[in-house]
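Chemist: Supplied in structure tokens, the structure appears directly below.
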Amino acid sequence: MPSFASFNFSGDQRSEESRYEQRERYKTLLYQIKSNQHSRYEANKSELVGYPLFPYLEYQSLIHRLSRQTPADIKAFIDQYGDTPLASQLLQNWLYSLAKRGDWKTFINHFDGTTDNTKENTCFHAYALWRNGRTDEALEIAEKLWVVAYSQPDECDAIFKVWRDNNGLTPEIAWRRYESAIMANEITLANYLERFISREDKNTAARLKRFHVQPRRLPTENNYGPDTELGRRILAHGIERLAKRDSESALRTLKKVAGQYQFDPATLTNLYNIIGVRLARNLNTLPLLEELPIDLTADQNLVEAQLLTHIKQLNWNSALVYLYLLPDEAQQSLRWQYWQGRILLGSGSPADIQQGRDIFQSLAQERSFYGFLAADALELPYSYEDTPETITHEQVHALEETPGIQRALELFALGEKTRARREWRFTTDGFSDIELRIAARVAEKWGWHEQAIRAMITAKAWDDLTPRFPLAYQDNFVAGARTEDIPLTWSMAIARQESAFMPDARSSAGAIGLMQLMPATARQVAKEKGVSIRSNNELTDPLTNIKLGTAYLGRMFRRFNHNRILASAAYNAGPNRVAKWLDPTLPLDVWIETIPFAETRNYVQNVLVFSSIYSRKLNQDIPLIFAHERRDFSNPELSLTLP
């Protein structure tokens, strides 16, 4: 009988060395490459020719001595391993090496403009063309590279200088990029580009940046600029920026300049709609809507803003009027179906009440925030719509044994997460829906939760909840929930919403890890808990991240009276904002619906639904919303006691 070690994770019996031993040999050979023991590597590499990651060893061997490789060497690797992401990576690295060595002829011969080249190599290509006498082509490419609304890498500087020296940079082109940078809020780039703005355009550029960066100064501005197409475009941009900060001032400013500047009707209507949406969101400025010289029912965003304000005012008759003004498709969304039913159920008309019941009866069949609210109102069980896909062991095993999936899983097992994700994406790109569902089962089996979740999303397999909502890191979450005295299902729902259980997730704002902790917050909590954090990378460790994340979640939970709704909003948007938003005179569903940030509203709704899904998976009878959470708002029984 074979020993346990003779089976790999897939359960396959192997007569050769175990996968564990292969991984150890892989690490040894990788070390030999990186420590310049190339002779030893060449002598030993035959041991791993059949190992899934052998192409990565060969790739690393070539990369480590890239300057010595001939075109034939590169072509041989690409021909042999073209079914891996390594082929493109090697080509890009080799091209970069050629450019750094000034081998422009070879660079041109092997640069493929149809592939996904790096920005650096694209710039080098233009420079190589110029060096080989193909000036017109080079300058044409250079211009396209220059007129973008983001900073290009330093490798582009050489061709940009050539382009400027050949009079490619005209005042019109300089202005085009400057305006694009401002509109993209790339202020650092815009500051750099000011040196290229012509003397005649300096004042215009300063006005554009001033209106963009300091729109609140617009009402007292002495010079709005000339009544030209560009002048009107800059002024309209400033008013739009001002509307986001002070809608009342934006309205006054627009009314003042509307008669002085020849804005086209579409621009004026758009500006009034933007201002109207902002006015409608604030009860103090709501009356000013009557001053807008537009049809207040023509723009969907403006109609929805007025609808939400009437809901917040509990002005049900007006809310229903605006709801019926929405396009038919919008009215049929679960969101507005809920509010139509909610309003009708509060009517004194038996016909309206019956229609409201019918709407809620239909909604209660949906696995959604509004569906679960409707189910609670009708005292019905939640409809989880969990219909697992029939995937056989043979299907999982067959996909698991394909070369690309094997490579991805091996990289994942070795902790090379970035390469593993790249290999997985490369291999699964173009998969059919059924193949993606099988891939999700493979990832689930290996504990690669993020890829299982993403595969199911790509396949639109919404009703197979097992891979979509894994019990990932359950022991760690149990420990955190016990220590902080918070609901286990809630903490898991937060992590599922924040990162889809991706341990090394990093957001554009700088949040890190499973529970997306900001480093400053993590360090503060760590200090309180006696946990040493020497670098931000430690926050990618699931145990550390969950310990600190549940601790911060517990802090929010206690601050907001053990109310998961408020604590979830605080975890997403910050406790100070939530304290400011909190209005206990509103019913709970109204408060959630009118959270000022759409992202936070969706976040809270998702977390509550995810918590319910996890309670079902853990065989816990937990409602969408606890009774004590309802009592933090007015009319706690409103959506439970129906006529």
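Chemist: Do we have any residue at all in segment 399-411 that's surrounded by fewer than 16 Cβ atoms within 10 Å (Cβ to Cβ) and either in a helix (DSSP H, G or I) or among the small types (Gly, Ala, Ser) (or both)? Before you say what the answer is, go through the steps one by one.
Modeler: The initial filter retains those residues of segment 399-411 that are surrounded by fewer than 16 Cβ atoms within 10 Å (Cβ to Cβ), namely 401-403.
Then drop every residue that is not either in a helix (DSSP H, G or I) or among the small types (Gly, Ala, Ser) (or both), which leaves 403.
Taking every residue of segment 399-411 in turn, at least one turns out to be surrounded by fewer than 16 Cβ atoms within 10 Å (Cβ to Cβ) and either in a helix (DSSP H, G or I) or among the small types (Gly, Ala, Ser) (or both).
Chemist: If I go through segment 570-589 residue by residue, how many of them are open to solvent by less than 30 Å² (accessible area, probe 1.4 Å) and assigned to a loop (DSSP other than H, G, I, E, B)?
Modeler: 2
Chemist: Being within 20 Å of the chain's Cα centre (by Cα) and aliphatic (A, V, I, L, M) is true for just one of 551, 569. Which residue is that? Give the steps one after another, and end with the answer.
Modeler: Details: 551 fails: within 20 Å of the chain's Cα centre (by Cα).
Unique residue meeting the criteria: 569.
Chemist: When both residues are 6+ apart or on different chains and their Cβ atoms are under 6 Å apart, which pairs have a first residue that lies in segment 40-55 and is crowded, with 18+ Cβ neighbours inside 10 Å, and a second that is in a loop (DSSP other than H, G, I, E, B)?
Modeler: Final answer for the pair search is 55/81; 55/84.
Chemist: Only residues that are closer than 24 Å to residue 199 by Cβ, open to solvent by 40 Å² or more (accessible area, probe 1.4 Å) and part of a helix (DSSP H, G or I): list them for segment 158-169, please.
Modeler: Answer for segment 158-169, where residues must be closer than 24 Å to residue 199 by Cβ, open to solvent by 40 Å² or more (accessible area, probe 1.4 Å) and part of a helix (DSSP H, G or I): 161, 164, 165.
Chemist: Report yes if residue 514 is under 21 Å from residue 609 (Cβ atoms) and touching a residue at least 60 places away in the same chain (Cβ under 8 Å), otherwise no.
Modeler: Here the answer is no, as residue 514 does not meet what is asked.
Chemist: Something else about it: Just need a number here: residues in segment 13-36 that are without any contact (Cβ under 8 Å) to a residue 24 or more places away in the chain, open to solvent by 50 Å² or more (accessible area, probe 1.4 Å) and of a type in the set (S, T, N, Q).
Modeler: So the count comes out to 3.
Chemist: Given the conditions (1) in a loop (DSSP other than H, G, I, E, B); (2) closer than 24 Å to residue 59 by Cβ; (3) touching a residue at least 12 places away in the same chain (Cβ under 8 Å), which single one is not true for residue 152?
Modeler: (2)
Chemist: Oh, and also: Take segment 170-198 and flag every residue that is in a loop (DSSP other than H, G, I, E, B) and either in contact with a Phe, Trp or Tyr (Cβ under 6 Å, 6 or more places away or on another chain) or over 17 Å from residue 142 (Cα atoms) (or both).
Modeler: 184, 185, 186, 197, 198, listed by residue number.
Chemist: Let me ask something additional. Residues 418, 390: which one is surrounded by fewer than 16 Cβ atoms within 10 Å (Cβ to Cβ), assigned to a loop (DSSP other than H, G, I, E, B) and out of contact with any Gly (no Cβ under 8 Å at 6 or more places or on another chain)?
Modeler: 390
Chemist: Would it be correct to say that residue 179 is touching a helix residue (DSSP H, G or I) at 6+ places or on another chain (Cβ under 7 Å), among the acidic types (Asp, Glu), modelled with pLDDT of 95 or more and more than 29 Å from residue 278 (Cβ to Cβ)?
Modeler: Spelling it out, it is not the case that residue 179 is touching a helix residue (DSSP H, G or I) at 6+ places or on another chain (Cβ under 7 Å), among the acidic types (Asp, Glu), modelled with pLDDT of 95 or more and more than 29 Å from residue 278 (Cβ to Cβ).
Chemist: Can you name every residue in segment 485-498 that is of a type outside the set (A, V, I, L, M) and open to solvent by less than 10 Å² (accessible area, probe 1.4 Å)?
Modeler: The answer is 489, 490, 491.
Chemist: Within the set of pairs 6+ apart or on separate chains, which have a first residue in segment 275-304 that is surrounded by fewer than 18 Cβ atoms within 10 Å (Cβ to Cβ), a second that is assigned to a loop (DSSP other than H, G, I, E, B), and C-beta atoms under 9 Å apart?
Modeler: Correct list of pairs: 281/594; 281/596; 283/313; 286/313; 290/296; 300/326; 300/327.
Chemist: Sticking with this one: Give segment 232-260 a look and list any residue that's open to solvent by 50 Å² or more (accessible area, probe 1.4 Å) and more than 31 Å from the chain's Cα centre (by Cα), or say none.
Modeler: Result: 232, 248, 252, 255, 256, 259, 260.
Chemist: Something else about it: Report, ordered by the first and then the second residue, all pairs with beta carbons closer than 9 Å, sequence separation of six or more or different chains, a first member in segment 431-448 that is at positive phi, and a second member that is open to solvent by 50 Å² or more (accessible area, probe 1.4 Å).
Modeler: Close Cβ pairs satisfying both conditions: 447/412.
Chemist: Hey, among the residues in segment 600-637 that are of a type in the set (A, V, I, L, M, F, W, C) and open to solvent by 20 Å² or more (accessible area, probe 1.4 Å), which one's nearest to the chain's Cα centre (by Cα)?
Modeler: This residue is 610.
Chemist: Name the one entry in 228, 297, 285 that is over 23 Å from residue 310 (Cβ atoms) and of a type outside the set (Gly, Ala, Ser).
Modeler: 228
Chemist: Does residue 60 qualify as being open to solvent by 40 Å² or more (accessible area, probe 1.4 Å), modelled with pLDDT of 95 or more and under 37 Å from the mean Cα position of the chain (by Cα)?
Modeler: Values: open to solvent by 40 Å² or more (accessible area, probe 1.4 Å): no; modelled with pLDDT of 95 or more: yes; under 37 Å from the mean Cα position of the chain (by Cα): yes.
No, not satisfied.
Chemist: Specify which of the listed residues (577, 630) is touching a residue at least 40 places away in the same chain (Cβ under 8 Å) and either in contact with a helix residue (DSSP H, G or I) (Cβ under 8 Å, 6 or more places away or on another chain) or on the phi < 0 side of the Ramachandran plot (or both).
Modeler: None of the others qualify; the one that does is 630.
Chemist: Going by the structure shown, is residue 342 surrounded by fewer than 18 Cβ atoms within 10 Å (Cβ to Cβ) and in contact (Cβ under 8 Å) with a residue 60 or more places away in the chain? Write out each step before concluding.
Modeler: Details: surrounded by fewer than 18 Cβ atoms within 10 Å (Cβ to Cβ): no; in contact (Cβ under 8 Å) with a residue 60 or more places away in the chain: yes.
In short, no.
Chemist: Right, here's the next one. Taking the residues in segment 524-569 that are of a type in the set (Lys, Arg) and surrounded by 16 or more Cβ atoms within 10 Å (Cβ to Cβ) as candidates, determine which candidate is nearest to residue 493 (Cα to Cα).
Modeler: Here the residue is 564.
Chemist: Taking the residues in segment 55-75 that are of a type in the set (D, E, K, R) and not in a loop (DSSP other than H, G, I, E, B) as candidates, determine which candidate is nearest to residue 96 (Cα to Cα). Outline the logic, then answer.
Modeler: Start the filter on segment 55-75 by keeping residues that are of a type in the set (D, E, K, R), which leaves 58, 65, 68, 73, 75.
Still in the list and also not in a loop (DSSP other than H, G, I, E, B): 58, 68, 73, 75.
Numbers: 58: 19, 68: 14, 73: 16, 75: 16 Å.
This residue is 68.
Matching residues to (1) aliphatic (A, V, I, L, M); (2) outside any helix (DSSP H, G or I):
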position	(1), (2)
274	yes, no
283	yes, yes
289	yes, no
293	no, yes
297	no, yes
301	no, no
307	yes, no
310	no, no
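Chemist: Which ones in segment 451-478 are more than 18 Å from residue 385 (Cα to Cα), aliphatic (A, V, I, L, M) and open to solvent by 50 Å² or more (accessible area, probe 1.4 Å)?
Modeler: If the condition is that a residue be more than 18 Å from residue 385 (Cα to Cα), aliphatic (A, V, I, L, M) and open to solvent by 50 Å² or more (accessible area, probe 1.4 Å), then 471 is the only one that fits.
The values are calculated or read from the model by the stated rules, or taken from the named source; none is laboratory data. What you are looking at is a predicted structure, and each value in this text was computed from that prediction instead of being measured. Heads up, the Cβs are rebuilt from the backbone with ideal geometry, glycines too, and the neighbour counts pull from every protein chain shown. We work out accessible area using only protein heavy atoms, side chains counted, and drop any ligands, DNA or RNA first. Shrake-Rupley method; radii C 1.70, N 1.55, O 1.52, S 1.80 Å.
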